[in-house]
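The values are calculated or read from the model by the stated rules, or taken from the named source; none is laboratory data. This is a predicted model, so every value here is computed, not measured. Using ideal geometry, Cβ is built from the backbone for each residue, glycine included, and neighbour counts are taken over all protein chains shown. Accessible surface is based on the protein model in full, side chains and every heavy atom, while ligands, DNA and RNA are left aside. Shrake-Rupley method; radii C 1.70, N 1.55, O 1.52, S 1.80 Å.
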Amino acid sequence: MKSVVFAIFACATAFAVQAETENFDSTSPGALPEGWEAGVTGSGNPRWAVGADPTAPSGKNVLQQTGRGTFPWCVKKNVSLAGGFVEVKFKPLSGKEDQAGGVLWRWKDGNNYYVARANALEDNVSLYCTANGRRITIKYVDAPVRANVWHTLRVEFKDKHISVLLDGKRHIDLDDTHIAGPGAVGVWTKADSVTSFDDFSYGTF
């Protein structure tokens, strides 16, 4: 009986998820979290900073983008994943051109990475690759994305396979080979999107 129990425990351990979560509550409002870097693909003046939000899913702080740019991004540069998952809770607050929240992975630099995003103005989820500063559309899928509501966006990736989930529902599931190998992970917006992020998590399976 002991050998059976041990075998079950060993199996469960082998498939355990190795994950880290950041809820931004240890960062003072107005600053970037330690180990993060912000920038923009294209042009503009994005403004990334931690701010207080009483509606935050956990704790009291969120990471916000309140400026404007072609494709603003904020990455946790001390993480390098070739495969695994990235997940974040996001709330699209405003934007006349766009109301988007996204996650990025296999980030090599500000011009080369994958991004999955949800858009409250268009009610869709999309998967992109940014290569040499040019955004390449891989797939769009219609999906309900309400403004001023917290949503959960998650991507799972291994080798060439990518899955994108919004609020627990898998919307995109395909193979793509644009970007291989390890890279940083982070969050993303577009144009004049004002978006809050919380409970950013990542890890391997």
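For VAL155, are the conditions met, namely being under 28 Å from ASP53 (Cα atoms), in contact (Cβ under 8 Å) with a residue 60 or more places away in the chain, crowded, with 21+ Cβ neighbours inside 10 Å and of a type in the set (Val, Ile, Thr)? When the stated conditions are applied, VAL155 passes them. With respect to the conditions (1) in contact with an Asp or Glu (Cβ under 9 Å, 6 or more places away or on another chain); (2) farther than 21 Å from THR152 by Cβ, LYS91 lacks only one, and its number is (2).
Any residue at all in segment 94-108 that's more than 26 Å from HIS171 (Cα to Cα), open to solvent by 20 Å² or more (accessible area, probe 1.4 Å) and at pLDDT 95 or above? Checked segment 94-108: no residue is more than 26 Å from HIS171 (Cα to Cα), open to solvent by 20 Å² or more (accessible area, probe 1.4 Å) and at pLDDT 95 or above. For ASN119, the test of being open to solvent by less than 20 Å² (accessible area, probe 1.4 Å) and either touching a Ser or Thr at 6+ places or on another chain (Cβ under 8 Å) or modelled with pLDDT of 95 or more (or both) is passed.
Taking first residues from segment 186-202 that are farther than 15 Å from ARG117 by Cβ and partners that are small (Gly, Ala, Ser), the Cβ contacts under 6 Å between residues at least 6 apart in sequence or on separate chains come to ASP198/ALA56; ASP199/SER58; SER201/ALA19. Examine segment 52-62 for a residue that is β-branched (Val, Ile, Thr), under 24 Å from GLY168 (Cα atoms), at pLDDT 95 or above and surrounded by 24 or more Cβ atoms within 10 Å (Cβ to Cβ), and state whether such a residue exists. Taking every residue of segment 52-62 in turn, at least one turns out to be β-branched (Val, Ile, Thr), under 24 Å from GLY168 (Cα atoms), at pLDDT 95 or above and surrounded by 24 or more Cβ atoms within 10 Å (Cβ to Cβ).
Residues in segment 90-115 that are more than 25 Å from THR177 (Cα to Cα), more than 10 Å from the chain's Cα centre (by Cα) and in a strand (DSSP E or B): LYS91, PRO92, LEU93, SER94.
Keeping to segment 122-133, report how many residues are in contact with a His (Cβ under 7 Å, 6 or more places away or on another chain) and open to solvent by 20 Å² or more (accessible area, probe 1.4 Å). Reasoning before the result, please.
Let us first name the residues in segment 122-133 that are in contact with a His (Cβ under 7 Å, 6 or more places away or on another chain), namely 125, 129, 131.
Applying the additional criterion that residues be open to solvent by 20 Å² or more (accessible area, probe 1.4 Å) yields 131.
So the answer is 1.
Taking (1) surrounded by 14 or more Cβ atoms within 10 Å (Cβ to Cβ); (2) at pLDDT 95 or above in turn, THR21 satisfies each apart from (1). Scoring SER80 on the criteria (1) open to solvent by 20 Å² or more (accessible area, probe 1.4 Å); (2) touching an Asp or Glu at 6+ places or on another chain (Cβ under 7 Å) leaves a single failure, condition (2). Taking residues in segment 108-130 that are among the acidic types (Asp, Glu), and partners anywhere that are open to solvent by 20 Å² or more (accessible area, probe 1.4 Å) and part of a loop (DSSP other than H, G, I, E, B), the pairs with Cβ atoms closer than 8 Å and at least 6 places apart or on different chains are ASP123/PRO144. When residues in segment 164-205 are screened for being within 18 Å of GLU122 (Cα to Cα), assigned to a loop (DSSP other than H, G, I, E, B) and open to solvent by 20 Å² or more (accessible area, probe 1.4 Å), 3 of them pass.
Comparison of VAL145, VAL155 shows that the only residue that is modelled with pLDDT of 95 or more and not in a strand (DSSP E or B) is VAL145.
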